[in-house]
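Scroll down for the structure; my scribbles are underneath it.
The values are calculated or read from the model by the stated rules, or taken from the named source; none is laboratory data. Remember, it's a predicted structure, so these values are computed and weren't measured experimentally. Heads up, the Cβs are rebuilt from the backbone with ideal geometry, glycines too, and the neighbour counts pull from every protein chain shown.
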Amino acid sequence: MRCTIVERKTKETDIKLILNLDGGNVSIDTGIGFFDHMLNSFATHGGFGLELSVKGDLEVDEHHTIEDTGIVLGKAFSQALGDKSSIDRFGSFYVPMDEALAFASVDISGRPFLVFDADFPQAKCGEYDCSMTVEFMRAFAYNAGITLHLRSLYGDNSHHITESLYKALAHALKLAVKQNTSNKPLSTKGVL
């Protein structure tokens, strides 16, 4: 079973996370309603079990909570994948959401990198600052050890743009973590 538990406590956040790449319960509480909605969409569309509890210094702002959640979720993905043998490694996916269209492409390579191309017409969705989307994605990609390309092709509504990005990432990861029968990493080097 590809399941892991990660806990991280700093002076700014206290995070407890259970991730199961093959499905399970979804229960998310970060204290930021729209972010909870995005992570719930991410888990649901990826087919991941995700139990997450975050206590952050929201009296300051949401930056630490969102970025640290990306760090912990990334570490959990890396741990759950182990040596990355028997996975399809690559995944790409488009997600339309009303007038918005987003694209995600991932390579579970062990080489962290992020290319992020998205503009948000409205600065906030509820209490969620849309500029935090790139911070979450960067923290996630670098701690998961994945190459991640995310792009909003177009859209007029920041809610739709943001949600289509999270869903596109989920579907791309779902393809990339799919198990095959090779029993070895998909690499000419023999390791990832």
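Can we say SER131 is of a type in the set (S, T, N, Q), modelled with pLDDT of 95 or more and over 16 Å from LEU73 (Cα atoms)? Before the answer, list the steps.
Values: of a type in the set (S, T, N, Q): yes; modelled with pLDDT of 95 or more: yes; over 16 Å from LEU73 (Cα atoms): yes.
So SER131 fits the description; yes.
Quick check on my filter: what residues within segment 98-148 are of a type in the set (Asp, Glu) and farther than 21 Å from ASP29 by Cα? Full working, then the answer.
Just the residues of segment 98-148 that are of a type in the set (Asp, Glu), to begin with: 98-99, 107, 117, 119, 127, 129, 135.
Hits for segment 98-148 are ASP98, GLU99, ASP107, ASP117, ASP119.
If I go through segment 139-192 residue by residue, how many of them are buried (at least 19 other Cβ atoms within 10 Å of the Cβ), free of Cβ contacts under 8 Å to residues at least 60 places away in the same chain and closer than 13 Å to PHE90 by Cα?
Qualifying residue count for the region: 1.
In the set SER53, SER27, which member is touching a residue at least 24 places away in the same chain (Cβ under 8 Å) and within 16 Å of THR65 (Cα to Cα)? Write out each step before concluding.
Numbers: SER27 fails: within 16 Å of THR65 (Cα to Cα).
One residue alone meets the criteria, SER53.
Select from segment 84-96 the residues that are in a loop (DSSP other than H, G, I, E, B) and at pLDDT 95 or above and list them in ascending order. Let's see the steps before the verdict.
Initial filter on segment 84-96 (in a loop (DSSP other than H, G, I, E, B)): 84-86, 88-89.
Across segment 84-96, the qualifying residues are ASP88, ARG89.
State whether one or more residues within segment 64-83 are aliphatic (A, V, I, L, M), free of Cβ contacts under 8 Å to residues at least 40 places away in the same chain and either part of a strand (DSSP E or B) or out of contact with any strand residue (DSSP E or B) (no Cβ under 6 Å at 6 or more places or on another chain) (or both). Talk me through it step by step, then tell me what you get.
Kept after step one, since they are aliphatic (A, V, I, L, M), are these residues of segment 64-83: 66, 71-73, 76, 80-81.
Filter once more, so that each one left must be free of Cβ contacts under 8 Å to residues at least 40 places away in the same chain: none.
Within segment 64-83 (the criterion being aliphatic (A, V, I, L, M), free of Cβ contacts under 8 Å to residues at least 40 places away in the same chain and either part of a strand (DSSP E or B) or out of contact with any strand residue (DSSP E or B) (no Cβ under 6 Å at 6 or more places or on another chain) (or both)), the answer is no, since none of the residues qualifies.
If you check LEU21 against the conditions, is it closer than 23 Å to SER182 by Cα, touching a Phe, Trp or Tyr at 6+ places or on another chain (Cβ under 9 Å) and crowded, with 19+ Cβ neighbours inside 10 Å? Steps first, answer last, please.
Values: closer than 23 Å to SER182 by Cα: yes; touching a Phe, Trp or Tyr at 6+ places or on another chain (Cβ under 9 Å): yes; crowded, with 19+ Cβ neighbours inside 10 Å: yes.
Judged against the criteria, LEU21 is a match.
Of all residues in segment 1-16 being touching an Asp or Glu at 6+ places or on another chain (Cβ under 7 Å) and buried (at least 19 other Cβ atoms within 10 Å of the Cβ), which is farthest from ALA144 (Cα to Cα)?
It comes out as THR13.
Counting just the residues of segment 149-192 that are at pLDDT below 95 and charged (D, E, K, R), which one comes out nearest to LEU114 (Cα to Cα)?
LYS189
Would you mind telling me which numbered condition in (1) within 14 Å of the chain's Cα centre (by Cα); (2) charged (D, E, K, R); (3) under 18 Å from ARG89 (Cβ atoms) ARG111 fails?
(1)
Please verify whether segment 12-23 includes one or more residues that are touching a His at 6+ places or on another chain (Cβ under 8 Å) and either under 26 Å from ILE161 (Cα atoms) or among the aliphatic types (A, V, I, L, M) (or both). If you could, list the steps in order and put the result at the bottom.
Our first condition is that a residue be touching a His at 6+ places or on another chain (Cβ under 8 Å); within segment 12-23, this holds for 12-13.
Now restrict to residues that are either under 26 Å from ILE161 (Cα atoms) or among the aliphatic types (A, V, I, L, M) (or both): none.
There is no residue in segment 12-23 that is touching a His at 6+ places or on another chain (Cβ under 8 Å) and either under 26 Å from ILE161 (Cα atoms) or among the aliphatic types (A, V, I, L, M) (or both).
Mind listing whichever residues of segment 73-90 are within 21 Å of SER131 (Cα to Cα) and surrounded by fewer than 23 Cβ atoms within 10 Å (Cβ to Cβ)? Talk me through it step by step, then tell me what you get.
So the first thing to find is which residues in segment 73-90 are within 21 Å of SER131 (Cα to Cα), and the list is 73-74.
Of everything in segment 73-90, nothing turns out to be within 21 Å of SER131 (Cα to Cα) and surrounded by fewer than 23 Cβ atoms within 10 Å (Cβ to Cβ).
Of all residues in segment 22-63, count the ones that are assigned to a helix (DSSP H, G or I) and either under 25 Å from SER86 (Cβ atoms) or at pLDDT below 95 (or both). If you could, list the steps in order and put the result at the bottom.
Residues of segment 22-63 assigned to a helix (DSSP H, G or I): 33-46, 63.
Add one more test, that the residue is either under 25 Å from SER86 (Cβ atoms) or at pLDDT below 95 (or both), and what stays is 42-46.
Summing the residues that are assigned to a helix (DSSP H, G or I) and either under 25 Å from SER86 (Cβ atoms) or at pLDDT below 95 (or both) in segment 22-63 gives 5.
For the structure I just gave you, tell me whether SER131 is without any contact (Cβ under 8 Å) to a residue 24 or more places away in the chain and surrounded by fewer than 24 Cβ atoms within 10 Å (Cβ to Cβ).
Working: without any contact (Cβ under 8 Å) to a residue 24 or more places away in the chain: yes; surrounded by fewer than 24 Cβ atoms within 10 Å (Cβ to Cβ): yes.
Taking the combined requirement at face value, the residue satisfies it.
GLU59 is checked against (1) touching a residue at least 12 places away in the same chain (Cβ under 8 Å); (2) farther than 19 Å from LYS167 by Cβ and fails just one. What number does that condition carry?
Failing condition for GLU59: (1).
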